[in-house]
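Single-structure report; data block below.
The values are calculated or read from the model by the stated rules, or taken from the named source; none is laboratory data. Values in this document were obtained by computation on a predicted structure and should not be read as measured data. Glycine gets a Cβ as well: all are built from the backbone with ideal geometry, and neighbour counts include every protein chain shown.
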Amino acid sequence: MRLGIDLGGTKIEIIALDHSGNEVYRQRIATPQGDYAATLDAVVQLVEKCETNLGRKGSLGVGIPGALSNTTGLVKNANSICLIGQDLKGDLQRRLHREVFVANDANCFALSEAVDGSAKGAKVVFGVIIGTGCGGSVVVDGQTLNGVNLVAGEWGHNPLPWSCAEQHFSCYCGHKGCIETFLSGSAFEKHFQLRSGQSLNAEQIVALAEQGNPLAEAMLQDYVVWMAKALASVINLVDPDVIVLGGGMSNIHRLYEEVPKIWEQWVFTDEPVLTQLLPPAFGDSSGVRGAAWLANTVLADNK
């Protein structure tokens with residue numbers, strides 16, 4: 001049995017998969033805000049409750065909105081600030097008496113879709129999470145590519161290419177004009193507010209565009225172009241077989257039809273672009289499923 005934990009800023013979810021990848025258990029709770037000790041307790045309790053209900057133990061993978069430092073093993077670059085500087089992996093291993101696999105949540109998402117999701121069978125997969133932020137991950141032959149600096153796939157903190165005419169906002173990373181400041185849900189809302197004076201969420205803006213609102217439609221058309229440019233740069237660098245979109249903005253259905261129609265003008269090829277752009281097979285459950293797949297072997301009985 002494989003257990004996966006998606007440790008997010010607002011919710012913690014656990015899933016259990018059997019040896020065939022079938023879901024046999026799931027539970028979701030709210031994340032204790034700003035409290036590392038309470039968060040650690042919540043994860044441990046979710047695992048113990050799951051294993052008690054199912055009557056057996058399993059391997060455990062945890063997806064986090066950050067990474068583990070190569071030098072210290074402590075959490076870094078986490079949106080959930082209370083995790084930063086903490087020995088999450090070590091603390092969980094001591095509490096749960098087993099090896100725990102920890103990875104960035106974008107890596108978990110991409111791994112899930114590559115193993116048994118939309119990109120199943122593809123050699124090279126680029127997974128994108130476009131929600132509050134803008135993360136990415138590369139999976140090759142079913143294995144995540146982490147990189148020596150643990151930043152492989154972090155396209156969201158490159159500048160949006162071919163974007164001299166656009167309004168460039170500052171990014172929390174300290175730079176200006178990052179892809180995240182164009183493609184994240186919060187950035188989409190910010191750009192629309194600047195143009196219209198209206199403070200709406202992304203879902204409301206898309207709905208207005210579908211109703212024929214000219215400002216919302218223009219915003220969405222620009223978003224398609226920004227996405228096409230950003231993904232064209234990924235194709236030029238990684239040349240993936242499949243790109244899978246996740247996160248709240250992946251629910252904009254026209255992206256899958258319109259972005260591939262225009263991205264080839266920025267891709268370095270004079271032939272049709274063969275990369276597929278696909279929605280996730282498992283929606284917002286891909287991250288937790290990918291966490292479960294982090295462990296390649298099932299642990300022996302760990303009494």
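Annotations for the structure displayed:
- Of all the criteria given as (1) assigned to a loop (DSSP other than H, G, I, E, B); (2) within 16 Å of the chain's Cα centre (by Cα); (3) aliphatic (A, V, I, L, M), the one not satisfied by residue 244 is (1).
- Matching residues in segment 30-60 - criterion: being closer than 21 Å to residue 103 by Cβ and assigned to a strand (DSSP E or B): 59, 60
- Which numbered condition residue 67 misses (of (1) over 21 Å from residue 107 (Cβ atoms); (2) surrounded by 14 or more Cβ atoms within 10 Å (Cβ to Cβ)): (1)
So that you can scan it fast, the table gives a plain yes or no per residue for (1) surrounded by 15 or more Cβ atoms within 10 Å (Cβ to Cβ); (2) of a type in the set (Lys, Arg); (3) on the phi < 0 side of the Ramachandran plot:
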| site | (1), (2), (3) |
| --- | --- |
| 13 | yes, no, yes |
| 21 | no, no, no |
| 25 | yes, no, yes |
| 34 | no, no, no |
| 38 | no, no, yes |
| 42 | yes, no, yes |
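- Lone qualifier among 212, 133, 153, 185 - being more than 21 Å from residue 262 (Cα to Cα) and at pLDDT 95 or above: 212
Let's see how each residue does on (1) under 18 Å from residue 125 (Cα atoms); (2) assigned by TED's automatic domain parsing to the domain that holds residue 181; (3) touching a strand residue (DSSP E or B) at 6+ places or on another chain (Cβ under 7 Å):
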position: 200; (1), (2), (3): no, yes, no
position: 214; (1), (2), (3): no, yes, no
position: 222; (1), (2), (3): no, yes, no
position: 249; (1), (2), (3): no, yes, yes
position: 260; (1), (2), (3): yes, yes, yes
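- Subset of segment 161-197 [more than 22 Å from residue 76 (Cβ to Cβ) and of a type in the set (Asp, Glu)]: 166, 189
- In segment 164-227, counting only helices (runs of 4 or more DSSP H) that sit wholly within it, the ones holding 3 or more residues that are exposed (fewer than 15 other Cβ atoms within 10 Å of the Cβ) span 185-196, 202-210.
- So residue 87, is it surrounded by fewer than 23 Cβ atoms within 10 Å (Cβ to Cβ), on the phi < 0 side of the Ramachandran plot and at pLDDT below 95: no
- Pairs linking a residue in segment 75-94 that is in the same structural domain as residue 44 (by TED's automatic domain parsing) to a residue that is part of a helix (DSSP H, G or I), with Cβ atoms under 6 Å and 6 or more positions apart or on different chains, are 75/83; 75/88; 82/36; 86/36; 91/40.
- Members of segment 105-127 found to be more than 8 Å from the chain's Cα centre (by Cα) and polar (S, T, N, Q), listed by number: 112, 118
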